[in-house]
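For reference, the structure is listed below as structure tokens.
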Amino acid sequence: MISDQERAAYIAGDVHTAELLARIDDLMREKEELEAKLVEAEEDSLTQWNRENGDAEKYYEFFYDCFKMLDGHYPAPSVGSDYDCQVIFDAIERGEQK
């Protein structure tokens, strides 16, 4: 669909501007489609996680509590640290062996 600005540019004889406006409209539609796909992918990812593993919020709460318990006993625990995560996993594994 041609925009009013694009139509006005054609009427004024400014074909180059009209073509640029048409391209901008195409890119804006493409951007909206990609954003919609991203939202859908994010929602599907969480839905799939919940279906396969249970409520993701429960995992979040559990690991948040684990890192909170490390605070003060372990220097600057971080969920972004592979080592810190491994400390928690090792503790869980040792607990299961009892």
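Couple of notes before you dig in:
- Test item: Cα-centred dipole of the chain, Lys/Arg +1 and Asp/Glu -1 on Cβ, debye: 240 debye
- In the chain, the DSSP-assigned H stretches of four residues or longer account for a calculated mean residue ellipticity at 222 nm of -27000 deg cm²/dmol, using -39500 (n - 2.57) per stretch and the full residue count as denominator.
- With only Cα atoms counted, the chain has Rg and Dmax values of 26.3, 83 Å.
- With coordinates expressed along the principal axes, the C-alpha atoms belonging to the stretch 1-50 extend over 57, 14, 9 Å, beginning with the largest.
- The HN-Hα couplings worked out from phi for the stretch 87-93 by the Karplus form 6.51 cos²θ - 1.76 cosθ + 1.60 (θ = phi - 60°) are 4, 5, 4, 4, 5, 5, 4 Hz, whole numbers, x standing for Gly and Pro.
- Once the C-beta distance of ARG23 and ALA56 is scaled by a Förster radius of 41 Å, the resulting FRET efficiency is 0.50 to the nearest 0.05.
Since every read-out is calculated from the coordinates, none of them should be taken as a lab result. For clarity, every value in this text was computed on a predicted model and none was experimentally measured. With ideal geometry, Cβ positions are generated from the backbone for all residues, glycine too; neighbour counts draw on all protein chains shown.
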